[in-house]
Amino acid sequence: MNSGAAVGLQGQALVADAKSGTTGPVTMASATSHVLQDLIWPEPGLCTERDLYVRLSGRAALSQQAREIHFRRDGLAGFNTYYNLFNIGKWVKNCGLSALDLALDGEGAFEVIAFLIQPDRSWERLLNEVVHLRPGEECRLALDPSQFDSCGVIYFELRCLEDRGMLRNARWQTPQAPLRTPELMLSVTTFRREAAVANTVARFERFFAQSPLADHIHLTVVDNGQSAEIRTSSHVSLIPNANFGGSGGFARGLIEAQRRGASHCLFMDDDASVHTQAIERTWMFLAYATDPGTAVAGAMANAQHRWQLWENGATFDRICRPEFMGTDLRDFGQVMQLEFASTATQPDNFYGGWWFFAFPVDQVRHMPFPFFVRGDDVSFSLAHDFNIVTLPGVISYQDEDFSVKETPLTVYLDLRSHLAHHLALPSMEIGRKGVIKIMLRFWMRAFLACHYETLQAIGMAMHDTLDGHDFFARNADMAERRKQIGALTQVEKWKDEDREKIGRPRARAWLPAQRWLSRTLMKVTLNGHLLPGFKLIANRITLPAGSRGQIRPVWGAGTITYVTADGKKSYTVRHSKRQAWRTSLPVLRAMLRVWFTYPQLRSRWQSGYQELTDPGFWPKTLKLTAADLPPAE
């Protein structure tokens, strides 16, 4: 790979040929258009929520397997959908796009309408034409660029005018030349998920076999478990790696991207639950971006509800705040608001998750901090001045239920990273009171909900963070702490139980949580922890797993059972004053230590952060040889 930013695609481009109607490498000398965005179709095993892709009415039907839409007279297909609208605002603002065509491939006569939608304005019809589509001939329709602005979305719809019609594909494309040829390395970190990563590699091999961009994309699998059996090829590499968590795996991937001379690197989960067309969209956006520091962050949805957005990027300020959480991607009104708002320049504390994060390699100033997991992606974004953009249709699906992922270990890891961000990064300065408020919030969530094993882990996290960056350097593999927290986690872990015993409420709720007086009493007594005889009147309640960490539902409860969404697993915690105060003492001591040593603590962390994100830290920690490293400049 080369990292040059030469204008053009070195003689090749992703194009649509007007005569043949095919997509493939064509010399820049020919009359070509560069495809910015192809249609994305429903994909079994990934997402088949049809209203995220196309809206059909009348006599129109989708062939999901053939990826075709068949029409009878007056059948209508609209692409006012999350996956297939075109955000002209982001392309104008970030890429200087000044020309745009709509290319159609199909059969039959259609009315074609292309709508431009901008905030607080009437919708504009950029196109309203009758076209005759013929097999093997692409129909190109140019849009009026005078109405393009730095905020707006475009979509098109087709209405069949004959007895039969078909749409095979549609593309948004431009005659405008790209600014660079990204050499993109996909970096996937895996740990003993052999089936998931094997499936990912197989999907990408199929992608490489048909994508015109294949010569400019390479997949590297960093195997922290050293157990994946991946067949390497000209497009796929496998790197066995010591297990230093996601931080160490992605650091190893970044080093490999530098060694290969990649211009951009894309961090992804090992199940890579994204449409492969999202890779092409990302590549093209990076090719046209006017700011060389542009990065693309993928959105995230929960596989339980693939239509519901978990986050479209996030901000960090004392806590992680997902952007547009809960957005219904089937609702075009909500999708428009999502796209309008996300077109704005993101704040300095905006970050992208490493389930999908593409960034320019030459802009990297800090390697991933050795958090093991949790917080490394936040830190990486906050430490760099990337221009982070989100794109419609660039989204990953998380197969695991988010509600069951919180454990004493994950809370430990979360708190460490939250404290480290604010102590180490100058832009995150919040003072000693702000840091102590973070510690209090973590303590209170666990204390009030009777999660005493989590409280022990919180005390460990505070102690380890106050030890400074040296602790992270010595424990980059987290082996000892993982073992210790695993050993103490006996009650707060999901297990199969007798469903008949789950959730048997008391005959009477002495302290109804919805009553103002009851809640006030519980707040004053720290949910009964200061109230003698509380067990005699405490409620026994059952909550869904998603309520773990929420305070309002647990007021007045002395026995709390959490149940997973599928009803198969649960765990129960119980009120204990002795455990509560015993596990809280280390937390209170840590708060006092922050109060009295804050200036020195912050100074040590700022210098230590530079040391542990220096290019020399990970090669030494991972014991890499000269052959593993990029050539010396």
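The values are calculated or read from the model by the stated rules, or taken from the named source; none is laboratory data. No experiment lies behind these values; they were computed from the predicted model shown. Ideal geometry is used to build each Cβ from the backbone, glycine not excepted, and the neighbour counts take in all protein chains shown. These area figures cover heavy atoms from the full protein model, side chains too; ligands, DNA and RNA do not enter into them. Shrake-Rupley method; radii C 1.70, N 1.55, O 1.52, S 1.80 Å.
Brief remarks on what is shown
- L592 meets the conditions (1) of a type outside the set (V, I, T); (2) touching a helix residue (DSSP H, G or I) at 6+ places or on another chain (Cβ under 8 Å); (3) modelled with pLDDT of 90 or more; (4) open to solvent by 70 Å² or more (accessible area, probe 1.4 Å) in every case but one. The failed one is (2).
- Taken together, the residues in the range 595-627 that are touching a residue at least 12 places away in the same chain (Cβ under 8 Å), open to solvent by 80 Å² or more (accessible area, probe 1.4 Å) and more than 30 Å from F250 (Cβ to Cβ) amount to 1.
- The set of residues from the range 528-548 being assigned to a loop (DSSP other than H, G, I, E, B), touching a residue at least 60 places away in the same chain (Cβ under 8 Å) and in contact with a strand residue (DSSP E or B) (Cβ under 7 Å, 6 or more places away or on another chain) comprises just one member, R548.
Rundown of residues vs (1) hydroxyl-bearing (S, T, Y); (2) open to solvent by less than 60 Å² (accessible area, probe 1.4 Å); (3) over 30 Å from D399 (Cα atoms), yes/no style:
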{"position": "L46", "(1), (2), (3)": "no, yes, no"}
{"position": "I69", "(1), (2), (3)": "no, yes, no"}
{"position": "T81", "(1), (2), (3)": "yes, yes, no"}
{"position": "N84", "(1), (2), (3)": "no, yes, no"}
{"position": "D101", "(1), (2), (3)": "no, yes, yes"}
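- Residue list for the range 342-357, restricted to those being assigned to a loop (DSSP other than H, G, I, E, B) and more than 16 Å from the chain's Cα centre (by Cα): A344, T345, P347, D348
- Residue match in the range 143-157 (condition: over 22 Å from L286 (Cβ atoms), surrounded by fewer than 18 Cβ atoms within 10 Å (Cβ to Cβ) and at pLDDT 95 or above): no
- Residue within the range 472-495 that is surrounded by fewer than 17 Cβ atoms within 10 Å (Cβ to Cβ), over 24 Å from K405 (Cβ atoms) and modelled with pLDDT under 90 present: no
- Odd one out for H132 among (1) open to solvent by 40 Å² or more (accessible area, probe 1.4 Å); (2) farther than 30 Å from R259 by Cα; (3) touching a residue at least 60 places away in the same chain (Cβ under 8 Å): (3)
- Selection from the range 563-575 of residues that are assigned to a loop (DSSP other than H, G, I, E, B), at pLDDT below 95 and either surrounded by 13 or more Cβ atoms within 10 Å (Cβ to Cβ) or among the small types (G, A, S) (or both): T564, A565, G567, K569
- Screening A287, A272, A299 for residues that are at positive phi and open to solvent by less than 10 Å² (accessible area, probe 1.4 Å) leaves exactly one candidate, A272.
- Only listed residue being in contact (Cβ under 8 Å) with a residue 24 or more places away in the chain, open to solvent by 10 Å² or more (accessible area, probe 1.4 Å) and within 16 Å of the chain's Cα centre (by Cα), chosen from G225, G246, G261, G313: G246
- Residues in the range 179-202 that are closer than 14 Å to I279 by Cα, part of a strand (DSSP E or B) and of a type in the set (S, T, Y): S187 only.
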